[in-house]
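The values are calculated or read from the model by the stated rules, or taken from the named source; none is laboratory data. This is a predicted model, so every value here is computed, not measured. Every residue, glycine as well, gets a Cβ built from its backbone with ideal geometry; the counts of neighbours run over all protein chains shown.
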Amino acid sequence: MNEATSPSGFSSTGTAGGLKIFNITHTDDGVTFDIHISDIKLVSPDGGEAWFGGTHKTIQWKTRTTGGTVDIELTTDDGDSWSTIASGVPNNGSYNWTDIPMVFSDQARIRVTLNSNGHWDTSTDLFNVIGEVAVPTTHYPENGAIAVETNPTFQWDAVPGANGYHLQLSMEEDFSDLVLDLIQLPREFYDASLLLPYTQYYWRVASSSEVGNSDYCVAQSFTTGSITEDPETPILIAPAHLATNQPLDVLLEWEEAGLADTYYLQLSNNAYFTDPIIEMGEIEETSYRLANLQPNRNYFWRVGAVNNYGSSGFSVARRFGTGTWVSTEDESAPALENQLFQNYPNPFNPTTTISFSIKDMDEEISLVIYNTRGQKIRTLYKGMPASSNMNVNWDGKDESGESVSSGIYLYRLRGESFSHARKMLLSK
């Protein structure tokens, strides 16, 4: 080959035409290959794209000269056979392909041919034509699995062209009552938590794309074993914080904590819980009635949860008073340490409460929501703490007031000398 056989401009950056070396074969005698020189260069699709059936895309090319017409073809088997997309298309550099076929192929290429001299060019690499997005193949938990952990990671194969996945979990075989119903999961896995021990579950997943959703995969069943994670931290209900005029046999109540077997209660006459008046464990209910309290006194109480795997931290402490006497001290109970508690409810839709305690009231703090990519969604609180024990609500919206999508979010409590973070799940 000499310079005269090469079309002018093929070696210049950004110009039409090109040299392709393909069918490379290594032999004992050396290397053999084919060379293709053309006055036309296909620009798009050039490999790696995912084009969906029923949509429209623009095929683009460049030529050394203008005018004339081109023929455009498609192969879905890497060149073994070709079908015509359009013939006699004006050679103006682009064609709007409005009838992408409803087929599935990961071996697609486009070929554009100049009718004036027969020169042609194809996509450099294979691209995908997706008539409909495929049903995912599940991996874990396997169908019929037993003794599965209570915080399993659901896993399935990535589906070409999928831009999200829809996961459902139920204790009913017909999915009439859903434990989880998550849409637009961005990855091929999901870290679940707080499943009930020794319980049969059913799960299924579908893939979604810009042209629609696949069917769900065949439902998979599994049975959990013993608890493999700490229980949730209880949320106190009554008496309300700073309540006064409570009876001497006041009933303490709290929310049921996920995976809790029993509860542990502390009652003290000081916020530091030194020398508690009551330390009661093995409480099976979500309430406990006190007795023989002193009139006109302030009391502090908190509750933790316990299971066979471990225990939660204590709840945010609350204070109540018997009689009508009100302390002249600060209205918040001092905290022994900086703590960030699990939000409640969790999963939630659309509002949840985040509770935390702050030891140093002179330290500026911030509470910020992030997505799983580390992008800040919203600052819920920033400044000096209003009290030692705080509750902040999140309504599932970002800084601009727009509702965010379902999924896992992180919330981080940060001060000058500490940083704590937890995960929560918004499920719509």
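Every residue in the stretch 242-262 that is assigned to a strand (DSSP E or B) and farther than 30 Å from S193 by Cα, please. It would help to see each step written out before you state the result.
Keep residues of the stretch 242-262 that are assigned to a strand (DSSP E or B), which gives 243-246, 251-254, 262.
Across the stretch 242-262, the qualifying residues are A243, T244, N245, Q246, L251.
Any residue in the stretch 361-373 that's in the same structural domain as R414 (by TED's automatic domain parsing): show its pairings with residues that are among the polar types (S, T, N, Q) at Cβ separation under 8 Å, as long as the two are six or more apart or on different chains.
Hits for this filter: M361/S388; E363/S417; S366/T379; L367/T379; V368/T379; I369/T379.
Can you say whether G54 is out of contact with any strand residue (DSSP E or B) (no Cβ under 8 Å at 6 or more places or on another chain) and either assigned by TED's automatic domain parsing to the domain that holds S214 or closer than 17 Å to E210 by Cβ (or both), as far as the supplied structure shows?
Spelling it out, G54 is indeed out of contact with any strand residue (DSSP E or B) (no Cβ under 8 Å at 6 or more places or on another chain) and either assigned by TED's automatic domain parsing to the domain that holds S214 or closer than 17 Å to E210 by Cβ (or both).
Given (1) part of a loop (DSSP other than H, G, I, E, B); (2) within 30 Å of the chain's Cα centre (by Cα), identify the lone condition not met by S221.
The one condition S221 does not meet is (1).
Determine, yes or no, whether I100 is buried (at least 18 other Cβ atoms within 10 Å of the Cβ), modelled with pLDDT of 90 or more and either not assigned by TED's automatic domain parsing to the domain that holds V205 or not charged (D, E, K, R) (or both).
Criteria not met by I100.
Checking the conditions here, which among S387, S332, S315 is at pLDDT 90 or above, surrounded by 15 or more Cβ atoms within 10 Å (Cβ to Cβ), of a type outside the set (F, W, Y) and assigned to a loop (DSSP other than H, G, I, E, B)?
Step by step, each of S387, S332, S315 is checked, and only S315 is at pLDDT 90 or above, surrounded by 15 or more Cβ atoms within 10 Å (Cβ to Cβ), of a type outside the set (F, W, Y) and assigned to a loop (DSSP other than H, G, I, E, B).
Filtering the stretch 44-67 down to residues that are closer than 17 Å to V133 by Cα and touching a residue at least 60 places away in the same chain (Cβ under 8 Å), which residue is nearest to the chain's Cα centre (by Cα)?
A50
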